[in-house]
1. Considering only residues that are touching a helix residue (DSSP H, G or I) at 6+ places or on another chain (Cβ under 8 Å) and assigned to a loop (DSSP other than H, G, I, E, B), which ones fall in the stretch 1-30?
2. Consider only pairs whose beta carbons are under 8 Å apart and that are at least six residues apart or on different chains; among these, list those whose first residue lies in the stretch 1-20 and is of a type outside the set (Phe, Trp, Tyr) and whose second residue is surrounded by 10 or more Cβ atoms within 10 Å (Cβ to Cβ).
3. Does at least one position in the stretch 115-123 carry a residue that is in contact with a helix residue (DSSP H, G or I) (Cβ under 8 Å, 6 or more places away or on another chain) and either surrounded by 19 or more Cβ atoms within 10 Å (Cβ to Cβ) or touching a residue at least 40 places away in the same chain (Cβ under 8 Å) (or both)?
4. Which of (1) aliphatic (A, V, I, L, M); (2) part of a helix (DSSP H, G or I); (3) closer than 30 Å to LEU223 by Cα is the odd one out, the single condition ILE33 does not satisfy?
5. Mind checking which residues of the stretch 36-60 are in a helix (DSSP H, G or I), of a type in the set (A, V, I, L, M, F, W, C) and under 20 Å from GLY154 (Cα atoms)?
6. For the stretch 1-41, which residues satisfy the criterion of being of a type outside the set (A, V, I, L, M, F, W, C), more than 22 Å from GLU133 (Cα to Cα) and open to solvent by 50 Å² or more (accessible area, probe 1.4 Å)?
7. Which of (1) farther than 22 Å from ASN205 by Cβ; (2) at pLDDT below 95 does ARG96 not meet, given it meets every other one?
8. Could you grab me the full set of residues in the stretch 61-81 that are assigned to a helix (DSSP H, G or I) and surrounded by fewer than 17 Cβ atoms within 10 Å (Cβ to Cβ)?
Amino acid sequence: MRRVIGWIVKATLWFALISVLLVLLFRFVPPPITFTMIGDLIGGNGVTKEWKPLSEIDPNMPRAAIAGEDARFCLHHGFDFTAIASAAARNARGGRIRGGSTISQQTAKNVFLIQGGGYARKALEAYFTVLIETLWGKRRIMEVYLNVAETGIGTYGVEAGSIRYFGHGADRMSPSEAGRLAAILPLPKKRAAKAPRGFTRRHGNSITRRVGVVRNGGLDACLR
């Protein structure tokens, strides 16, 4: 039993050391590939992506991401417990299921973990969320998120997404384009930012209207 406990302790320490070093590396180096990208490669969809520094992404895009995904991004430390409680209450009433994950949590999941996995994956997601909040900071989290988030089948990052849907790079996105791209982030394989319809169109228009609110209300202050 002591030997088993010793192996568990050693494995835990090695995992902690390697994960911290990996997070530190990705603070300065773009993550080369994610498990979701590997899934697309295996499925024959290919992977289209192009890294774009946050300073070269139109400010409308991170503002749209905040408006659509995480209004308190600059205020919390990785977990928005108010949003989690609100989402749980809405889900209990039925209708469209909504989550309370922050951009930080989504970034941790996208970069380091698989999409499924249940409670075990959620526990690791929380662990990596704490690490990136501590070692990266908000600007780097947003930069990585906007570069690894899936924006279509086989398409990753807002640069590749903007070229795919609008025919130009992410350095000159209008509030409308940013809103439409942010609207597809939760379900990129089922939604399209070009000529959106139904809920995607309504949601994109709603995000577009809130882009100015994010700017004027200073909700993107941590990115400036």
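The values are calculated or read from the model by the stated rules, or taken from the named source; none is laboratory data. Since the model is a prediction, treat every value here as computed from it, not as a measurement. Neighbour counts run over all protein chains shown; Cβ positions are idealised from the backbone, glycine included. We work out accessible area using only protein heavy atoms, side chains counted, and drop any ligands, DNA or RNA first. Shrake-Rupley method; radii C 1.70, N 1.55, O 1.52, S 1.80 Å.
1. The answer is PRO30, and nothing else.
2. Short answer, once both residue conditions are applied: SER19/PHE112; SER19/TYR127; SER19/PHE128; SER19/LEU131; VAL20/LEU131; VAL20/LEU135.
3. Looking for residues that are in contact with a helix residue (DSSP H, G or I) (Cβ under 8 Å, 6 or more places away or on another chain) and either surrounded by 19 or more Cβ atoms within 10 Å (Cβ to Cβ) or touching a residue at least 40 places away in the same chain (Cβ under 8 Å) (or both), one finds at least one in the stretch 115-123, hence yes.
4. The one condition ILE33 does not meet is (2).
5. Selection gives MET37, ILE38, LEU41, ILE42.
6. The answer is ARG2, ARG3, LYS10.
7. (1)
8. The answer is PHE81, and nothing else.
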